[in-house]
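The values are calculated or read from the model by the stated rules, or taken from the named source; none is laboratory data. Everything numeric in this text was worked out from a predicted model, so none of it was measured. Counting neighbours? That spans all protein chains shown, and the Cβs are built from the backbone with ideal geometry, glycine included.
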Amino acid sequence: MPAYDVAERDWRLKLNANEAPTTLPPLVEERVMARLSHIAFNRYPNLEMKDLIEQVASNYSLREEQVFFGNGSSEIIEKLFYAFGGKNHSIVYPEPSFSMYKIYVKVADAKGVPVGLEEDYSLDREKFVRAVKDSKASLAVVCTPNNPTGNLIPLEDVEYIAQNIDCALVVDEAYLEFAGEDASAVKLLKKYPHMIVARTFSKAYGLASARVGYMMADEAVVRMVEKAFMPYHLNVLSLVTADIVYQMRDEFQPRIYMLRDECRRVAEELKKIKGLTVYPSHTNFLLLKSVKAEKLNEYLAEQGIGVRSFGSAPRLENCLRISMGTREENDLWLGEVKRFMGGKK
């Protein structure tokens, strides 16, 4: 079974994991530290989980029983694969997309049914629905905005899929905050009880170290899926940190806007470089394609700049994914890319 490689080196500029380029805003960090100083370390986390669930449920006008938290949206999705997978069960997902889907399928002892994206990485909704029906799938997954391609699946296409399949449908919205709430499928939950929306604090809220994610779904789905989790599966440090971050999420909006603007600015600069294809993005990263991709990756590594190379991964040959940093960091790596592609290295 393939392993997800998380080995790292001490990069001068780390742009390979779609992490936020800065830590918590000062005011948020101050509140977090104050809250942590009052933790009862001898008690299991319980009320802290309830506080966080109450916040999310209230924000989206859901019942508390419709919200559940895990160690990042990755764990949420993994447990969904366990709950709906198993021997003689099929799980449908797009390809290329989040690389862990195919690993979760194997761990869940299910049959994976990848549906190839179109040449421009858009999702053909008819083809996806057909794959779900033909395979008699018990679970289908779409990722929007999609990782690693960066494109958004139109909400009407997500709804079309929900309307035309009978199995559970997971909408992985790890990067949704960069696209904006109008693009979210949360508003469709009341209409489609077989729909599940997964979110994370790791990307837009820069909380990758704490590992906090959540799902929103019908109460019956939440009750079933939580059986796959151990008791007290989220630690109190992560819970209280996420609670403060969610209370103060407006503090993160300027950073989200900055990363979105940087993505557009850098994309326009990259489009001017001959031999480089830049794909549209609604996230905090860009996908680039070039016949020189592997050599470019090696050159950037020599400069201490870490980006994600996909090697010979299907449909991602000659592709690099680069996360947005601060403006200064982006100017630095952009200059190196220009230097290499122009032969001035």
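Can you confirm whether the stretch 235-246 contains a residue that is more than 19 Å from the chain's Cα centre (by Cα) and farther than 28 Å from Val32 by Cα?
No, the stretch 235-246 contains no residue that is more than 19 Å from the chain's Cα centre (by Cα) and farther than 28 Å from Val32 by Cα.
Please verify whether Arg211 is assigned to a loop (DSSP other than H, G, I, E, B), of a type in the set (Lys, Arg) and surrounded by fewer than 21 Cβ atoms within 10 Å (Cβ to Cβ), treating the condition exactly as stated.
Yes: the conditions hold for Arg211.
Within the stretch 33-50, is even one residue within 30 Å of Cys263 (Cβ to Cβ) and in contact (Cβ under 8 Å) with a residue 24 or more places away in the chain?
No, the stretch 33-50 contains no residue that is within 30 Å of Cys263 (Cβ to Cβ) and in contact (Cβ under 8 Å) with a residue 24 or more places away in the chain.
Looking at the stretch 104-111, can you tell me whether even one residue there is within 18 Å of the chain's Cα centre (by Cα), surrounded by fewer than 21 Cβ atoms within 10 Å (Cβ to Cβ) and closer than 26 Å to Ser281 by Cβ? I'd like the intermediate steps shown before the answer.
At the first step, the residues of the stretch 104-111 found to be within 18 Å of the chain's Cα centre (by Cα) are 104-105.
Remaining after also requiring surrounded by fewer than 21 Cβ atoms within 10 Å (Cβ to Cβ): none.
No: zero hits.
Would you pick out the residues in the stretch 318-345 that are assigned to a loop (DSSP other than H, G, I, E, B), touching a residue at least 24 places away in the same chain (Cβ under 8 Å) and either among the hydrophobic types (A, V, I, L, M, F, W, C) or out of contact with any strand residue (DSSP E or B) (no Cβ under 6 Å at 6 or more places or on another chain) (or both)?
Met324, Gly325, Thr326, Gly342, Lys345
Output yes when any residue across the stretch 59-66 is within 22 Å of the chain's Cα centre (by Cα), surrounded by fewer than 20 Cβ atoms within 10 Å (Cβ to Cβ), at negative phi and not in a loop (DSSP other than H, G, I, E, B), and no when none is.
Yes: the stretch 59-66 contains one or more residues that are within 22 Å of the chain's Cα centre (by Cα), surrounded by fewer than 20 Cβ atoms within 10 Å (Cβ to Cβ), at negative phi and not in a loop (DSSP other than H, G, I, E, B).
For Glu65, indicate whether it is farther than 17 Å from Ile196 by Cα, charged (D, E, K, R) and touching a residue at least 60 places away in the same chain (Cβ under 8 Å).
Here the answer is no, as Glu65 does not meet what is asked.
Find the residue count for the stretch 124-182, including only residues that are touching a strand residue (DSSP E or B) at 6+ places or on another chain (Cβ under 8 Å), aliphatic (A, V, I, L, M) and touching a residue at least 40 places away in the same chain (Cβ under 8 Å).
Total meeting the criteria: 9.
Which of the residues spanning the stretch 86-99 are on the phi < 0 side of the Ramachandran plot, surrounded by fewer than 24 Cβ atoms within 10 Å (Cβ to Cβ) and over 13 Å from the mean Cα position of the chain (by Cα)?
Within the stretch 86-99, Lys87, His89, Ser90, Glu95, Pro96 qualify.
Mind listing whichever residues of the stretch 267-314 are more than 13 Å from Leu334 (Cα to Cα), among the polar types (S, T, N, Q) and in contact (Cβ under 8 Å) with a residue 40 or more places away in the chain?
Ser281, Thr283, Asn284, Ser290, listed by residue number.
Within the stretch 278-315, restricting attention to residues that are within 18 Å of the chain's Cα centre (by Cα) and in a loop (DSSP other than H, G, I, E, B), which residue is modelled with the lowest pLDDT?
Only one residue fits best here, namely Phe310.
Hey, does the stretch 215-232 have a residue that's assigned by TED's automatic domain parsing to the domain that holds Asn59 and under 17 Å from the mean Cα position of the chain (by Cα)?
Initial filter on the stretch 215-232 (assigned by TED's automatic domain parsing to the domain that holds Asn59): 215-232.
Next cut, under 17 Å from the mean Cα position of the chain (by Cα) only: 215-216.
Checked the stretch 215-232: at least one residue is assigned by TED's automatic domain parsing to the domain that holds Asn59 and under 17 Å from the mean Cα position of the chain (by Cα).
Considering only residues that are hydrophobic (A, V, I, L, M, F, W, C) and within 20 Å of the chain's Cα centre (by Cα), which ones fall in the stretch 254-277?
Passing the criteria: Ile256, Met258, Leu259, Cys263.
With the structure loaded, tell me whether Gly311 is surrounded by fewer than 18 Cβ atoms within 10 Å (Cβ to Cβ) and within 21 Å of Leu117 (Cβ to Cβ) or whether it fails that test.
Taking the combined requirement at face value, the residue satisfies it.
Being assigned to a strand (DSSP E or B), touching a Ser or Thr at 6+ places or on another chain (Cβ under 9 Å) and touching a residue at least 40 places away in the same chain (Cβ under 8 Å): is that true of Ile91 here?
It is true that Ile91 is assigned to a strand (DSSP E or B), touching a Ser or Thr at 6+ places or on another chain (Cβ under 9 Å) and touching a residue at least 40 places away in the same chain (Cβ under 8 Å).
Can you say whether Arg31 is over 27 Å from Pro145 (Cα atoms), surrounded by 14 or more Cβ atoms within 10 Å (Cβ to Cβ), at pLDDT 95 or above and assigned by TED's automatic domain parsing to the domain that holds Pro145, as far as the supplied structure shows?
Yes; evaluated as a whole, the condition is true for this residue.
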